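The values are calculated or read from the model by the stated rules, or taken from the named source; none is laboratory data. These numbers were taken from a predicted model, which means no experiment stands behind them. Reconstructed Cβ throughout: ideal geometry from the backbone, glycine too, with neighbour counts over all protein chains shown. SASA here: full protein model, heavy atoms, side chains in, ligands and nucleic acids out. Shrake-Rupley method; radii C 1.70, N 1.55, O 1.52, S 1.80 Å.
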Amino acid sequence: MSYSRYLSCLVVLLWGLCCGVQASAEVAAPVDTTYLLFDYQRSPRMERIRDFAPRFKAYLARPREELGFKNRPKNKGWLSLRPVWKGPQDSLELPLFVYDTGCVELKEMLLLYVDRIDTLFTPPPHYTPMATFAEAMEKVWARAAYFDKTLYVVTRDYRGRMLRHRVNYVLLRAYVYRGHDMCVMLHTWDELDYERKNIFARVLFPRSISKEEIARDKELYRQLLRYGFLSEALPLGPYFTF
């Protein structure tokens with residue numbers, strides 16, 4: 001075999017190996033997949049509650065006649081709960097992504113729980129606008145839905161690298177800013193009725209709950225406070241308990 005023919009075969013072999021690596025890293029998605037885009041440079045970004053609190057408290061301090069939906073500060077957009085969220089195993093109790101819809105009359109946020117992350121080498125054919133997806137979630141019973149390999153959040157960082165996050169559960173939660181105290185009641189049959197302070201939790205009122213889970217929930221709440229995702233100066237209180 002001549003040197004030139006050997007070199008050509010080697011190039012073809014390397015190209016085939018590269019394609020194989022790409023195909024294995026990027027798992028094929030179903031045809032009816034929904035993609036939501038979180039572009040770090042272009043997508044609207046939700047402020048952490050610690051950073052948003054001063055603006056909202058200044059609004060509340062204004063004269064009564066100046067208050068109203070039109071003048072209320074908005075905090076619309078994407079928020080990632082890293083570094084408190086450390087891996088897919090955390091999605092049982094904490095979403096990776098939060099999206100505030102910016103609704104004026106009733107404040108709403110989408111909580112997206114992730115169970116798998118893949119590298120994405122080619123952009124999806126299309127993205128669903130967040131307003132369209134939020135409107136669809138409004139029609140879901142209890143405004144919570146499971147997804148089986150059909151919903152992904154695609155993140156694109158400042159270097160253009162894309163990651164595909166498979167979402168297995170979504171919750172559209174309405175909320176208000178108000179005092180929200182943790183409530184634990186011990187009954188005669190030694191069961192605990194527990195109310196979470198973590199608005200991002202899947203279940204705000206889990207009813208019977210172990211003391212170990214309560215300890216874990218309190219630690220998670222402290223971490224969310226530490227990184228500014230929650231703020232005791234401007235607590236989030238659930239408006240509905242879905």
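Just one of the listed residues (Phe240, Phe229) is aromatic (Phe, Trp, Tyr) and modelled with pLDDT of 80 or more, namely Phe229.
Suppose we filter Thr155, Thr101 for residues that are of a type in the set (S, T, N, Q), at pLDDT 95 or above and under 27 Å from Gln223 (Cα atoms); which single one remains?
Testing whether each residue is of a type in the set (S, T, N, Q), at pLDDT 95 or above and under 27 Å from Gln223 (Cα atoms) leaves just Thr155.
Filtered by the rule that a residue be modelled with pLDDT under 85 and open to solvent by less than 10 Å² (accessible area, probe 1.4 Å), the stretch 62-92 gives a lone residue, Ser91.
Within the stretch 114-135, which residues are small (Gly, Ala, Ser) and either surrounded by 13 or more Cβ atoms within 10 Å (Cβ to Cβ) or in contact with a strand residue (DSSP E or B) (Cβ under 9 Å, 6 or more places away or on another chain) (or both)?
Within the stretch 114-135, Ala134 is the sole residue that qualifies.
Could you check how many residues of the stretch 86-135 are assigned to a loop (DSSP other than H, G, I, E, B), more than 13 Å from the chain's Cα centre (by Cα) and among the β-branched types (Val, Ile, Thr)? Here the count works out to 3. Scanning the stretch 227-242 for residues that are assigned to a loop (DSSP other than H, G, I, E, B), surrounded by 18 or more Cβ atoms within 10 Å (Cβ to Cβ) and of a type in the set (A, V, I, L, M, F, W, C), we see that the one that is farthest from the chain's Cα centre (by Cα) is Leu230. Of note, Asp39 satisfies the criterion of being of a type in the set (Asp, Glu), within 20 Å of Thr122 (Cα to Cα) and modelled with pLDDT of 85 or more.
Which of the residues belonging to the stretch 47-64 are assigned to a loop (DSSP other than H, G, I, E, B) and within 29 Å of Arg82 (Cβ to Cβ)? Passing the criteria: Glu47, Arg48.
Looking only at the stretch 199-226, how many residues end up being closer than 26 Å to Pro73 by Cβ and either modelled with pLDDT under 85 or surrounded by 14 or more Cβ atoms within 10 Å (Cβ to Cβ) (or both)? Walk me through it before giving the result.
Keep residues of the stretch 199-226 that are closer than 26 Å to Pro73 by Cβ, which gives 199-201, 204, 221, 223-226.
In the following step, the residues that additionally are either modelled with pLDDT under 85 or surrounded by 14 or more Cβ atoms within 10 Å (Cβ to Cβ) (or both) were identified as 199-201, 204, 221, 223-225.
Counting residues in the stretch 199-226 that are closer than 26 Å to Pro73 by Cβ and either modelled with pLDDT under 85 or surrounded by 14 or more Cβ atoms within 10 Å (Cβ to Cβ) (or both) gives 8.
Scanning the stretch 189-198 turns up no residue that is buried (at least 17 other Cβ atoms within 10 Å of the Cβ), modelled with pLDDT of 90 or more and part of a loop (DSSP other than H, G, I, E, B).
Tell me, yes or no, whether the stretch 140-151 has at least one residue that is open to solvent by 20 Å² or more (accessible area, probe 1.4 Å), touching a residue at least 40 places away in the same chain (Cβ under 8 Å) and part of a strand (DSSP E or B). Checked against the condition, which is being open to solvent by 20 Å² or more (accessible area, probe 1.4 Å), touching a residue at least 40 places away in the same chain (Cβ under 8 Å) and part of a strand (DSSP E or B), the stretch 140-151 yields at least one hit. Yes or no: Ala53 crowded, with 18+ Cβ neighbours inside 10 Å, more than 19 Å from Pro129 (Cα to Cα), of a type outside the set (Val, Ile, Thr) and modelled with pLDDT of 85 or more? Judged against the criteria, Ala53 is a match. Quick check on the stretch 120-136: of everything there that is touching an Asp or Glu at 6+ places or on another chain (Cβ under 9 Å) and of a type outside the set (Ser, Thr, Tyr), which residue is farthest from His165 (Cα to Cα)? So the residue we want is Ala134.
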